[in-house]
Structure formats: C-alpha cells, structure tokens
Amino acid sequence: MALVLGSYTVASFIVTLLVAFVTYVMYQLLSRFMHKWKEMKPIPGLDQTYPILGNALYFKSSAGEFFCQLVQLTEQFKKEPLMKLWIGPVPFLVLFHAENVEMVLNNPKHMDKSYVYRFLHPWLGTGLLTSTGDKWRNRRKMLTPTFHFSILTEFLEVMNEQAEVLMGKLEKAAGQGPFNCFNHITLCALDIICETAMGKKIYAQSNQDSEYVRSVYKMSDIIIRRVRMPWYWPNFVYRLLGDGKEHDRSLKVLHSFTESVIREREEYISNNESDSESDEGSRKRRAFLDMLLKTTDEHGNKLTPKDIQEEVDTFMFEGHDTTAAAMNWAIHLLGSHPEVQRKVQQELQEVFGSSDRPVNMDDMKKLRYLECVIKESLRLFPSVPMFGRSICEDCVIKGYKVPRGANAIIIPYALHRDPRYFPEPELFRPERFLPENSTGRHPYSYIPFSAGLRNCIGQRFALMEEKVVLSYILRYFNIEAMQKREDLKPIGDLILRPEKGIWIRLTKRTR
C-alpha cells in the first residue's frame, strides 16, 4: 500500500511540475505577445488577432489559397505604407512599397533571415541562404569567386548540351496537340545544375519521374504549410501530430541524393588530382562542388563536410527550381503574346541566322530583347514570391515604430505591381526594361533576385541559363499558350508555381 501511495505521490509531483512548466511557458509567451502587441498596435493590420495564435486562423490551408489571401491583403492595404500580421506569437510586417523595402534590405543591421527560415534548417542547414552574422559574411566572401565570369563561361557549354537534349524531347511533342511543358523544363534545369554544381550527369531528362524533384516539391509544400500553422512549430508536436514523418521521408531522399553525388565527386577528384588535359586532349570541366572542396577562408581553413553538404543542398534547390519556374512562366507569356514572340525570334534570326550552333558569350550580350522578356516575366511572376528578414534593432518606417524582433516579409509579387513604377502593371510589356525606359526607376521597385548585401549570388548564372534554354526553344518552335492568365492560379510555396502546370502547343519553325 505504501509503495502504491509512494508511486502515486511521485506521479502527482511530476504532473504538477509539468503543469507548472507549461503554465510558465504559456505565461511567458502571452506576456511577450502582449508587450509586442501594444508596441505594434498603431501599425495597420487585421482586426481579428487572437492571443498566441495571432491571425493564423484567418489563413486557408492550401498553398494556393494562402498566397491568394496574401496578395488580396496587399491590395486591401495598398494605400498603407506597411501591414502587420501575426502568425502565432510572432509579428510580421508585410512590405510591398519600394521605399520601405529599401529601408530593410539596404540596412546592414537587418541582415538576418526571419524566424520562419529555421524550418529550412533540417534541409539546407545554415548555408548561404539561411546563415546569419559572421558565418554568412565569411561564406559569401568564400563563394563569390566561384561565380566569376570565366567559370560561368565554362558552365555555358553544359547549358547548351542540355538545351539540345530538351529540343529532342520537345520535337516529339511538337504538332501533337497541347501538353504540359513544366516538367520537361524542370528536368532540363535539374540536369544543368547537377552537372555544373556537382560535375555529375544524372540524365534527369531521360527519367520523367524524378524522385528528387518530387521530394523538392513535397518538402516545399510541407515547410510552407508548417509556417502557416504555429501550433506545429514545436518539433515534438510536429513529429507527433503534423507532417513530421512525411518531412523526414522527403528529407532522406534529398540528402541521400546530394550525399551520394558529393561522395562520388570526392573520389573522382582524388583519382584525378591533376587539372591537366586528359589523354584525349579535352580539358576537365570544373564544377561548383570541385571549387567548394578546394576553397579556403582567409585563415586557410577548408570547408567541413557539413559545410559542403549545406551549400550543395542550397545550390541544388535554389539553382534548379527557381530557374525552372522562371522559364516556364516566360514560355506561357510568350505563347500568350505572339507579337512579343515574333520580336524575340527576329532578334534570334539576326544573331544566329539559320545556324544551329550553340549559344556563346558574345550572343548573350546581343540578346537584349530576350533579356527584357525574361525580366518582365520575373516582374509578373517572380520565382521567389516572398522572403523575409529579421528586424535586428528598433527602427521607424514611415512614422511607425517597428521594434527589434519583428519580422519583415517582402512580397515581390505585389511590389512589382506598383503602378508608380510599372503603369498598367498586369500587362506584359518587355519594353519596360529597355535602358531608356528604366532610367529613374526606383532600384528597389524590382527585386526578383532580392537586393542589397544579401542579393542572389547566382543571378548571372540564372539569367544565362534562361537565355540559353529559351533561345533554343524559340529558334526551333513557335509557342501557343493553352491557358489564360486567370487559369494559372499561382501557388506561393517556396517557389511560385502554376497550380496545373504550363500547357502549350508547339509547332516546328521553318527557317
């Protein structure tokens, strides 16, 4: 009896401790919420804000509906300089005016990524995209030389080769009626990033069902869904009640893929230490991974295996998904505007004539109108529809005090539609980006690759790839879009994608 009573007493004591701990945690969260809520009360925002949950119950569960709600809110509050949202107990400032975006992105004090980027850490670690402080500064300094012009020139060869593979696939679809080109373009981008970043041919275009690509989409959806639901933020709750198991399955696929490629490349380099020409006389291609394995910091320290894994995972995701989305949106817009398509093809005729030769660096400079098309496509459909920064010190934005610890969410999708800088913003007009039409435009009114100190390190690589692939398609085919703009229904996951792909009809060109 005494033993039972003793056990009961111990159990009661443990339960009491747990209740006290939970009560204390909830009290602290509520106290912080109320303090921040009072500080930020003057900032415009939604009326229905609940303690701890904030505005989380306002948002729809699906990624498409969630993104649509955000865009509608920017319209609703467009006359205000900024807008406030609470996701759980965390305050977010939604910014979509160039002047206010500049105040955050151009301030070296606000360099850290926002709170929700921590949900990317299991996948991407703290690589260039997600790292902060000295780690980010040192890593950026180390990696910048890997995107030197001469190295990008070497990557151009791979882009041409994979674009030619894509042409073979599209030729089979030409004249056969409407088809969804989204996956074709994505697999081409995956082949390009695998060979340029990791020096490995994976022949993704020969394998329509890429487990890696499916896992990228799945992981993106899982992460954004978790961001919208603060009750899943604690890891133990997420693993018990949320998508924790699905998250871990996708993570295993993503990490296994990059780990195996890193391992193979390390073995290859150890067996081919010399950079001299091979027996056949051909120069060994450099890959981003090769440079990572050899790069040292200012103290002569090499990257650790974990560091390399972080950067490879980051560049694999950022380097194929964003460019694939950008090219797909451009294809839809070109197929919807035959007059623009004809202008691009006229420019291609002037540069290439009837030749089937690969694209070279001199051609890149001459494809000015195609570049305008790409930029205008990225204005309407930025590959990264929103990104965040942490406000690291108290500041004032347009008369509103913003306390340290708030999170700024920048929405390029809305920012790029400001009629002050882009009259009739929903119209597709590549001429907006001709030099004479860009003079005087606010530098932060158009930021598809972010801006300021943390702008995208790979933007020249991305523009090169998009020019190469699109120029190949338009040299060989005419594009006809099978969807209207309202049918696309953009989904704002980590990357902006159309809900049902990009449906087009291709016909072969006679040149």
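The values are calculated or read from the model by the stated rules, or taken from the named source; none is laboratory data. Just so it is clear, the structure is predicted and the values come from calculations on it, not from any experiment. Positions of Cβ are backbone-derived with ideal geometry, glycine not excepted, and every protein chain shown enters the neighbour counts.
Mind listing just one residue for me: the one in region 499-511 that is in a loop (DSSP other than H, G, I, E, B) and in contact (Cβ under 8 Å) with a residue 12 or more places away in the chain and, of those, nearest to Ala63 (Cα to Cα)? Step by step, filter region 499-511, then rank; the result is Glu499.
Given the criteria surrounded by 17 or more Cβ atoms within 10 Å (Cβ to Cβ) and farther than 25 Å from Glu499 by Cα, does Phe433 qualify? Talk me through it step by step, then tell me what you get.
Details: surrounded by 17 or more Cβ atoms within 10 Å (Cβ to Cβ): yes; farther than 25 Å from Glu499 by Cα: yes.
It is true that Phe433 is surrounded by 17 or more Cβ atoms within 10 Å (Cβ to Cβ) and farther than 25 Å from Glu499 by Cα.
Sub-6 Å Cβ pairs linking a first residue in region 477-496 that is more than 28 Å from Gln349 (Cα to Cα) and in contact (Cβ under 8 Å) with a residue 60 or more places away in the chain to a second residue that is in a strand (DSSP E or B) and charged (D, E, K, R), at least 6 apart or interchain, are Ile491/Arg497, ordered by first then second residue. Against the test of being touching a residue at least 12 places away in the same chain (Cβ under 8 Å) and under 25 Å from the mean Cα position of the chain (by Cα), the options Lys306, Lys366 yield a single qualifying residue, Lys306.
Report yes if Ser390 is closer than 30 Å to Ile87 by Cβ, touching a Ser or Thr at 6+ places or on another chain (Cβ under 6 Å) and modelled with pLDDT of 95 or more, otherwise no.
On the way: closer than 30 Å to Ile87 by Cβ: yes; touching a Ser or Thr at 6+ places or on another chain (Cβ under 6 Å): yes; modelled with pLDDT of 95 or more: no.
When the stated conditions are applied, Ser390 does not pass them.
Kindly indicate whether any position in region 183-199 is at pLDDT below 95 and on the phi > 0 side of the Ramachandran plot. Looking through region 183-199, at least one residue is at pLDDT below 95 and on the phi > 0 side of the Ramachandran plot.
Please verify whether Ala330 is touching a Ser or Thr at 6+ places or on another chain (Cβ under 7 Å), in contact (Cβ under 8 Å) with a residue 12 or more places away in the chain and closer than 30 Å to Glu431 by Cβ, treating the condition exactly as stated.
Numbers: touching a Ser or Thr at 6+ places or on another chain (Cβ under 7 Å): yes; in contact (Cβ under 8 Å) with a residue 12 or more places away in the chain: yes; closer than 30 Å to Glu431 by Cβ: yes.
Yes: the conditions hold for Ala330.
Of all residues in region 50-79, those satisfying the criterion of being under 23 Å from the mean Cα position of the chain (by Cα), outside any helix (DSSP H, G or I) and closer than 21 Å to Ala414 by Cβ are Phe59, Lys60, Ser62.
Residues that are in contact with a strand residue (DSSP E or B) (Cβ under 7 Å, 6 or more places away or on another chain), within 30 Å of Val227 (Cα to Cα) and at pLDDT below 95 do occur in region 474-488.
Listed by position, the helices (runs of 4 or more DSSP H) contained in region 279-371 that have at least 3 residues being hydroxyl-bearing (Ser, Thr, Tyr) are 305-336.
Return yes when Asp321 is closer than 19 Å to Leu496 by Cα and of a type in the set (Asp, Glu) and no when it is not.
Numbers: closer than 19 Å to Leu496 by Cα: yes; of a type in the set (Asp, Glu): yes.
When the stated conditions are applied, Asp321 passes them.
Taking the listed residues Asp134, Asp47, the one that is in a helix (DSSP H, G or I) and of a type outside the set (Lys, Arg) is Asp134, with no other qualifying. Please determine whether any residue of region 97-109 is modelled with pLDDT under 95 and in contact with a Cys (Cβ under 6 Å, 6 or more places away or on another chain). Yes, region 97-109 contains at least one residue that is modelled with pLDDT under 95 and in contact with a Cys (Cβ under 6 Å, 6 or more places away or on another chain).
Among the residues of region 96-116, is there at least one that is among the charged types (D, E, K, R), surrounded by fewer than 17 Cβ atoms within 10 Å (Cβ to Cβ) and over 19 Å from Glu393 (Cα atoms)? Break it down stepwise before answering.
Start the filter on region 96-116 by keeping residues that are among the charged types (D, E, K, R), which leaves 99, 102, 109, 112-113.
Among the residues that remain, those that are also surrounded by fewer than 17 Cβ atoms within 10 Å (Cβ to Cβ) are: 99, 109.
Subsequent filtering for residues that are over 19 Å from Glu393 (Cα atoms) retains none.
No: zero hits.
Residues of region 80-105 that are in contact (Cβ under 8 Å) with a residue 60 or more places away in the chain, assigned to a loop (DSSP other than H, G, I, E, B) and more than 20 Å from the chain's Cα centre (by Cα): Pro81, Leu82, Gly88, Pro89, His97. When region 189-239 is limited to residues that are among the acidic types (Asp, Glu) and touching a helix residue (DSSP H, G or I) at 6+ places or on another chain (Cβ under 7 Å), the one that is surrounded by the most Cβ atoms within 10 Å (Cβ to Cβ) turns out to be Asp191. Under the condition of being closer than 24 Å to Gly492 by Cα and either at pLDDT below 90 or of a type outside the set (Gly, Ala, Ser) (or both), the residues counted in region 313-339 number 18. Beta carbons closer than 9 Å, at least 6 apart along the sequence or on distinct chains, pair a first residue in region 225-239 that is closer than 15 Å to Ile87 by Cβ with a second that is outside any helix (DSSP H, G or I) and among the basic types (Lys, Arg) for Arg228/Lys60. A single entry from Glu480, Glu499 fulfils the requirement of being within 30 Å of Ser355 (Cβ to Cβ), touching a Gly at 6+ places or on another chain (Cβ under 6 Å) and not hydrophobic (A, V, I, L, M, F, W, C): Glu480. The number of residues in region 170-212 that are farther than 21 Å from Leu506 by Cβ and either without any contact (Cβ under 8 Å) to a residue 60 or more places away in the chain or of a type in the set (Ser, Thr, Tyr) (or both) comes to 9. Only a single criterion out of (1) on the phi > 0 side of the Ramachandran plot; (2) loosely packed, with under 14 Cβ neighbours inside 10 Å is not satisfied by Asp394, namely (1).
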